[in-house]
Each structure stands twice: as structure tokens, then as C-alpha cells.
Amino acid sequence: MGDHGPKVLALQNRLSELGYWLGQPDGDFGFLTVQAVWALQKSAGLSRDGAVGPATQQALTNGVRPQTRLSGSGIDIDLGRQILMIVRDGRVQHVLNTSTGGGYEYKQKDGDTAIAQTPKGTFSVYYVVDGEDQGFLGDMWRPRYFNGGYAVHGSPSIPAYPASHGCARVSNAAMDMIWARDLMPKGSTVLVR
């Protein structure tokens, strides 16, 4: 984090080539590059440190890419690896770092307690908000709801581990990209596994 120059640009170009979205490669190892490195490390089963050491470099060299279980188009959220895949015609187009339900106990608005978990299953996007949505558990950037109050949404905090109340968090920039390219239209499939 914080490095810049031709080696960082080469890293960003390779990550982008493999589908790990980080916006436009610019030679600066910033927030979006860390997100892409985490997504690669998660896909390769490596330690999630955000640094490009020998094992991460080998994953880049080997062209590690996750496989989807979707045969068509939609979103494939792999809870075990904490990655979100944007799939078109059965092929992974983009891979994003995500943070889903953290498994902790929390108090709901009505005072009851619940466990922060992301529901598994096959769902459809049914409601979208183009902007900030103030939910009961916090603000969500441009959410695309797929099951009750569960959504894929942007956030300024997307750690390399499960930490949300149950939604799938991605970076605000990644959510903006999803909106700009209409990659999660109403009615589209969301597989959570």
C-alpha cells in the first residue's frame, strides 16, 4: 500500500487481465488495488495480507481465477472465500473482494438479538436504490436488494474477512461500476453459496 511506479502498474494490469477489478490501472497501489489483491489471495486460498509476496506473485503468474457455479449471467457470492463474482454467460467477468455476515450477535431494532449471517440460496434482485440508503443497521451505498433487507451494496469498509450484518459489502467504487454497467438489473440472479 502506498507504492507507485511501473511495477505497480504491471501488477494492476495483470490483476485486471485476470478479472480482479480495481478500476483504471494508474501505477498507484491504493485502496482498490488492495481490494483486488485480497480477492486474488482469497481465490488462491492464500493469507489475506494485501501484500504481493512470493505466494501471491505465483498466483498471478499461474493466472488463478475462481470458477462460478452459474451457467448464465448474474452475481455469484462465495461465502467461504469472501469473493463476489460478476458472471456473464457462465464466465467470470469480474472478481471483487466482499465482506459478508460476520457471525456475531447483534441487537435488532425491536430489541431482539440476531446472528449476522448472509442467507444462502438463489435469489433475484428485486429492489434498488440509486444513492445512499439509510437502513436500520447503517448506511448503504447504492444497494441492490436480493432477499428481504439483504443487499449487495457499497461501503467505505470492506475488510478481508466477514464483518457485515449479512449484506455483501463491496467498495463504493465497485458499486458505482456495477451501476454504470447495469450488472445487477432488477430480476437478475444472485447466487449465495
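Rule-based calculations on the coordinates, nothing more; no lab input. Since the structure is predicted, the reported quantities are computational estimates derived from the model, not experimental observations. When we count neighbours, we look across all protein chains shown, and the Cβ atoms used for this are built from the backbone with ideal geometry, even at glycine.
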Could you list which residues have their amide H under 5 Å from that of GLN93, counting only those 5 or more apart in sequence or on another chain, with H placed in the peptide plane? ILE86, VAL87, ARG88
Taking the highest mean first, how do the peptides 95-103, 6-14 order by number of other beta carbon atoms within 10 angstrom per residue? 95-103, 6-14
Pull up the cross-link candidates among the aspartates and glutamates for LYS120, meaning alpha carbon to alpha carbon under 13 Å and not fewer than 8 places away within one chain. ASP76, ASP78
For the chain, take the longest principal axis of its alpha carbons; what is the angle in degrees between that and the long axis of helix 6-18, to the nearest 10 within 0 to 90? 50
Using only DSSP helix segments of four residues or longer, with each worth -39500 (n - 2.57), what per-residue ellipticity at 222 nm results for the chain after dividing by its residue count and rounding to 500? -7000 deg cm²/dmol
Given unit charges at Cβ for Lys, Arg (+) and Asp, Glu (-), the dipole magnitude of the chain about its Cα centre in debye, nearest 20, is 580
What are the ³J(HN,Hα) values, in whole Hz, obtained from phi via the Karplus relation 6.51 cos²θ - 1.76 cosθ + 1.60 with θ = phi - 60°, for each residue of the range 25-33 in sequence order, with x given for Gly and Pro? x, 9, x, 10, 7, x, 3, 5, 5
Remind me, what semi-axes does the range 146-193 give for its equivalent ellipsoid, largest first in whole Å, using sqrt of 5 times each Cα gyration tensor eigenvalue? 18, 15, 8
Length added when fully stretched, ASP176-ASN62, from 0.36 nm per residue minus Cα-Cα: 38.1 nm
